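Q: Below are the structure tokens for one structure; questions will follow.
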């Protein structure tokens, strides 16, 4: 709490000093009011709260180790391998996956049960890793919260209203929705990460087709904060072709996923 209070007090200074960043995926300069260190602080602050709200960790150490192992393979070849990544499976019936600043990445039981291969799992974790490396969460916070809530929180940090401001701050982080442009960056950045890690890129195509198929008959929580860009599957397929990603010997991992995830979730 002291760390967050200090962060909020410094918000007006951050608005002036930090200002912008270069997105490593797009190469574009973007509005950014947070430093890398503050990304890490925010992630560490809110990860336990989000775990609690979404059912807590699945109580299976072998499953958790497998999820983290796949995620780490992706993270080490990302634009920001220096973040201290963690990949955690949550005991939630929401079909979702999401990331916090600094490398805290979550995937739900319901999402895991819908997938069939390790390559599909890698595609989701790589997509979320790309949100982290492009710093989409804090970019969205800078845009959606920075001008209003952050300044209000900074002012309130010196009075007794800090607890309410912090609670509101946390709720804003959890409910942030990415733009379609950011989703496309996460798709294509994540695609490059999973291929660099040795995974079959068709795993991402299959995952997106699965999610879009599910959304035809029921709301899918993943799309509430990860809006689906137009022609998503098509541009992923095009990128696979243009970059010659689909090569012999890329890992699919159907047996590994069945043994380490699906069988254990039963």
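The values are calculated or read from the model by the stated rules, or taken from the named source; none is laboratory data. Keep in mind that what you see is a predicted model, and the values were worked out from it rather than measured. Every residue, glycine as well, gets a Cβ built from its backbone with ideal geometry; the counts of neighbours run over all protein chains shown.
Q: Confirm whether residue 158 is modelled with pLDDT under 95, surrounded by fewer than 20 Cβ atoms within 10 Å (Cβ to Cβ) and over 26 Å from residue 28 (Cα atoms).
A: yes
Q: Here's a follow-up. Residues to consider are 129, 117; find the one that is closer than 19 Å to residue 141 by Cα, modelled with pLDDT of 95 or more and touching a helix residue (DSSP H, G or I) at 6+ places or on another chain (Cβ under 6 Å).
A: The conditions single out 129.
Q: Do you know which residues across region 11-27 are at pLDDT below 80 and closer than 18 Å to residue 189 by Cβ?
A: Matches in region 11-27: 21, 24, 26, 27.
Q: Got a number for residues in region 247-261 being buried (at least 16 other Cβ atoms within 10 Å of the Cβ) and closer than 16 Å to residue 124 by Cα?
A: 5
Q: For residue 225, all conditions in the list (1) more than 23 Å from residue 58 (Cβ to Cβ); (2) modelled with pLDDT under 95; (3) touching a strand residue (DSSP E or B) at 6+ places or on another chain (Cβ under 8 Å) hold save one; what is the number of the exception?
A: Condition not satisfied by residue 225: (1).
Q: Continuing with the same structure: Restricted to region 119-134, and to residues that are over 17 Å from residue 44 (Cα atoms) and out of contact with any strand residue (DSSP E or B) (no Cβ under 7 Å at 6 or more places or on another chain), which residue is surrounded by the fewest Cβ atoms within 10 Å (Cβ to Cβ)?
A: The residue in question is 134.
Q: Got at least one residue in region 236-248 being assigned to a loop (DSSP other than H, G, I, E, B) and over 17 Å from residue 193 (Cβ atoms)?
A: yes
Q: Also, I was wondering about something else. For residues in region 101-118 being closer than 14 Å to residue 260 by Cβ and more than 17 Å from the chain's Cα centre (by Cα), which is surrounded by the most Cβ atoms within 10 Å (Cβ to Cβ)?
A: It comes out as 118.
Q: Test of understanding: among 191, 214, which residue is in contact (Cβ under 8 Å) with a residue 24 or more places away in the chain, more than 28 Å from residue 138 (Cα to Cα) and in a helix (DSSP H, G or I)?
A: That would be 214, the only listed residue that is in contact (Cβ under 8 Å) with a residue 24 or more places away in the chain, more than 28 Å from residue 138 (Cα to Cα) and in a helix (DSSP H, G or I).
Q: Going residue by residue through region 235-246, is there one that turns out to be in contact with a strand residue (DSSP E or B) (Cβ under 8 Å, 6 or more places away or on another chain) and either surrounded by 14 or more Cβ atoms within 10 Å (Cβ to Cβ) or within 24 Å of residue 59 (Cα to Cα) (or both)?
A: no
Q: Do we find that residue 35 is within 26 Å of residue 117 (Cβ to Cβ) and touching a helix residue (DSSP H, G or I) at 6+ places or on another chain (Cβ under 8 Å) in this structure?
A: It is false that residue 35 is within 26 Å of residue 117 (Cβ to Cβ) and touching a helix residue (DSSP H, G or I) at 6+ places or on another chain (Cβ under 8 Å).
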